[in-house]
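In what follows, a single structure is set out as structure tokens and then discussed.
The values are calculated or read from the model by the stated rules, or taken from the named source; none is laboratory data. This one's a predicted model, so the numbers in the text were calculated from it and none came from an experiment. Glycine also receives a Cβ, built like all others from the backbone with ideal geometry; neighbour counts cover every protein chain displayed. Ligands, DNA and RNA are excluded from the accessible area calculation, which covers all protein heavy atoms including side chains. Shrake-Rupley method; radii C 1.70, N 1.55, O 1.52, S 1.80 Å.
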Amino acid sequence: MKTPAPPPLEPLARADLLPERIYRRIHEKIASGEIDPSVRMTETQLAAMLGVSRTPLREALTRLRHEGLLTAGRGTSVASLSRLDLEEIMELRLLIEPYLAARAARSVTPEGLAELEAVVQREVDALPRPSLQKFVMANHDFRVALVRLAGNKRLGEAASRHDSQIQTLRRATLEKKSNREIVVRHHRALVEALGRRDARAAEKTMRDLMLQARESILALIPAPRA
């Protein structure tokens, strides 16, 4: 007996995709440091800012809270993290991001390499303290471009989610020019490794950068005394 064909799916209306677009818009704002973590906003305020209704916004906010990026309560704000949260996030980043760098070295394109070189130059131009926000944005754009080159969407999404959670603290570490210089030095080395398609060197460089980032970030929240 012939199995009946499943009914055809109706094309998604634009409204059906709105919660996803809202989610990505807010996620990007968190990841780039554009949302002030000290500010609490109501759903009404957020809906007005984004020009959307509260129903799709609420769906996007629920997802962002589930991922640990936003807090609930009286208003919405970027979630704060405990020392244990940071230790776990940095452990995950150490597992994921060196691997993504190695993948990027194996699949890099001339266009992708040129994009990374341009972003590193933006970081260099923003090294002086008055350009901190420009440096933070360029640093974010470098990570986005590198993850895109790696070509694993699910790993990239995982890296992006955990990376976004520490954005506020990362910005605090980048207040020091010496830390910004460390980032530039490692990003330059990564670009060179990718240019040679040297996956091992790219992986090592990213691991070294993650270890230094972990040290800087954990220093902001000292471990409790025994």
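Let me spell it out: the conditions are (1) loosely packed, with under 14 Cβ neighbours inside 10 Å; (2) closer than 28 Å to residue 136 by Cβ; (3) modelled with pLDDT of 85 or more, and residue 44 meets all of them except one. Which number is the exception? Every condition holds for residue 44 apart from (2).
Selection of first residues in the stretch 48-64 that are touching a residue at least 12 places away in the same chain (Cβ under 8 Å) and of second residues that are among the aromatic types (Phe, Trp, Tyr), restricted to Cβ pairs under 7 Å at least 6 apart or on distinct chains, gives the following pairs, ordered by first then second residue: 60/23; 63/23; 64/23.
Residue by residue, here is whether (1) of a type outside the set (Lys, Arg); (2) crowded, with 21+ Cβ neighbours inside 10 Å; (3) not in a helix (DSSP H, G or I) holds:
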{"residue": "68", "(1), (2), (3)": "yes, no, yes"}
{"residue": "74", "(1), (2), (3)": "no, no, yes"}
{"residue": "81", "(1), (2), (3)": "yes, no, yes"}
{"residue": "91", "(1), (2), (3)": "yes, no, no"}
{"residue": "95", "(1), (2), (3)": "yes, no, no"}
{"residue": "106", "(1), (2), (3)": "no, no, no"}
{"residue": "133", "(1), (2), (3)": "yes, no, no"}
{"residue": "138", "(1), (2), (3)": "yes, yes, no"}
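Can you find even one residue in the stretch 180-193 that is open to solvent by 30 Å² or more (accessible area, probe 1.4 Å) and not in a helix (DSSP H, G or I)? Checking the stretch 180-193: not a single residue is open to solvent by 30 Å² or more (accessible area, probe 1.4 Å) and not in a helix (DSSP H, G or I).
Can you say whether residue 215 is modelled with pLDDT of 95 or more and acidic (Asp, Glu), as far as the supplied structure shows? No; evaluated as a whole, the condition is false for this residue. Restricting attention to the stretch 108-124, the residues being crowded, with 20+ Cβ neighbours inside 10 Å and not aliphatic (A, V, I, L, M) number 1.
Conditions tested, residue by residue: (1) under 18 Å from the mean Cα position of the chain (by Cα); (2) under 25 Å from residue 85 (Cα atoms).
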{"residue": "148", "(1), (2)": "yes, no"}
{"residue": "158", "(1), (2)": "yes, yes"}
{"residue": "161", "(1), (2)": "yes, yes"}
{"residue": "168", "(1), (2)": "yes, yes"}
{"residue": "172", "(1), (2)": "yes, yes"}
{"residue": "175", "(1), (2)": "no, yes"}
{"residue": "178", "(1), (2)": "no, no"}
{"residue": "197", "(1), (2)": "no, no"}
{"residue": "222", "(1), (2)": "no, yes"}
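For the stretch 39-59, how many residues meet the condition of being outside any helix (DSSP H, G or I) and either aliphatic (A, V, I, L, M) or touching a helix residue (DSSP H, G or I) at 6+ places or on another chain (Cβ under 9 Å) (or both)? Going through the stretch 39-59 one residue at a time, the tally reaches 4. Taking the criterion of being over 26 Å from residue 33 (Cα atoms) and outside any helix (DSSP H, G or I), the residues of the stretch 194-226 that qualify are 196, 197, 198, 224, 225, 226.
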